[in-house]
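Each value in this text was obtained by applying a stated rule to the coordinates, not by laboratory testing. All values derive from a computational prediction rather than experimental measurement. Cβ placement follows ideal geometry from the backbone for every residue including glycine, while neighbour counts extend to all protein chains displayed.
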Amino acid sequence: VPWLLHRTPSLFEQPHHFKPERFLGDNRPKPYSFIPFASGPRVCPGQHFGETEAILCLAILAQKFSLRLRQGHKVEPHCRLTLRPKGGLPVTLHRRGASSQ
């Protein structure tokens with residue numbers, strides 16, 4: 001079912017194209033229109049593996065790179081349910097241990 005649901009033109013513009021920006025900002029899919037691991041008794045057996053793999057990839061990136069706030073960007077707090085930076089947080093990646101940055 002998720003395979004068909006995720007390729008429905010009425011839910012996703014150009015469903016057969018790789019467009020990760022469709023999940024950003026106001027473009028986010030309607031609730032329950034994107035269920036990559038399904039749910040209930042037929043949940044994907046690889047869900048926990050996939051989530052663990054994503055965390056591992058982020059940990060490896062954090063070991064090899066440092067994040068730096070884009071030069072000249074001023075962080076303005078934006079109060080929602082949690083406090084977050086207004087307009088996002090533009091950062092650049094820098095390889096750890098590199099002599100020329």
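Couple of notes before you dig in:
- For first residues located in segment 8-21 and free of Cβ contacts under 8 Å to residues at least 40 places away in the same chain and within 16 Å of ILE35 (Cα to Cα), partners that are small (Gly, Ala, Ser) and part of a loop (DSSP other than H, G, I, E, B) and lie 6+ apart or on another chain with Cβ distances below 9 Å form the pairs THR8/SER33; LEU11/SER33; PHE12/SER33.
- Of all the criteria given as (1) more than 15 Å from the chain's Cα centre (by Cα); (2) surrounded by 10 or more Cβ atoms within 10 Å (Cβ to Cβ), the one not satisfied by LEU56 is (1).
- Residues that are surrounded by 10 or more Cβ atoms within 10 Å (Cβ to Cβ) and among the basic types (Lys, Arg), drawn from segment 1-41: ARG7, LYS19, ARG22, ARG28
- Unmet criterion (only one of (1) of a type in the set (A, V, I, L, M, F, W, C); (2) in a helix (DSSP H, G or I); (3) more than 19 Å from the chain's Cα centre (by Cα)) for CYS44: (2)
- PHE49 aromatic (Phe, Trp, Tyr), under 24 Å from THR92 (Cβ atoms) and exposed (fewer than 12 other Cβ atoms within 10 Å of the Cβ): no
- Residue, farthest from the chain's Cα centre (by Cα), within segment 71-95, restricted to residues that are of a type outside the set (A, V, I, L, M) and surrounded by fewer than 10 Cβ atoms within 10 Å (Cβ to Cβ): GLY72
- Among all residues of segment 85-99, there is none that is in contact (Cβ under 8 Å) with a residue 12 or more places away in the chain, farther than 30 Å from PRO2 by Cα and assigned to a helix (DSSP H, G or I).
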